[in-house]
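The values are calculated or read from the model by the stated rules, or taken from the named source; none is laboratory data. Since we're looking at a predicted model, the values are computed, not measured. The protein model used for the area step is the full one, side chains on, heavy atoms only, and it has no ligands, DNA or RNA in it. Shrake-Rupley method; radii C 1.70, N 1.55, O 1.52, S 1.80 Å.
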Amino acid sequence: MLVAARRGLEAFNQGRFYVAHEAWEDVWKAAPPSERPYYRALIQLAAACLKIEQGHFGPARRLLERARGELGTAGLTPPCLSTTLETLLDDLEGPGPERPEGFSATWPPTLVLETP
């Protein structure tokens, strides 16, 4: 399980968000119920970043809000991002930039995975 979590982390930090999503989904399926919200939040974060790159800002915002909710509801520590979920959400307000490079958030984001 730890190998797949690290594979997801490496992929995410290389901007390969789909690969990260898939790796973390494998971890989520095998994780004990108490850890599933954390990995589900990581999956949603990777999916949101992919949506941002595709220019689908509405779905990206919803996924980021879900990720924030998963972490908050479970009382879990957010992963250490090179930017914050709030900054990404602020960048998605209104019409926003046409490309993620125009965001005020660091793009592509990177993270340090804190396993529960």
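Quick check: at a probe of 1.4 Å, how many percent of the accessible area of segment 1-65 sits on carbon and sulfur atoms? Please list the in-between numbers first.
Values: 1660 of 3130 Å².
For segment 1-65, the apolar C and S fraction of the accessible surface comes to 53 percent.
Going by amide H atoms built from the backbone, whose H comes under 5 Å of the H on W107, apart from near neighbours?
Here nothing satisfies the definition.
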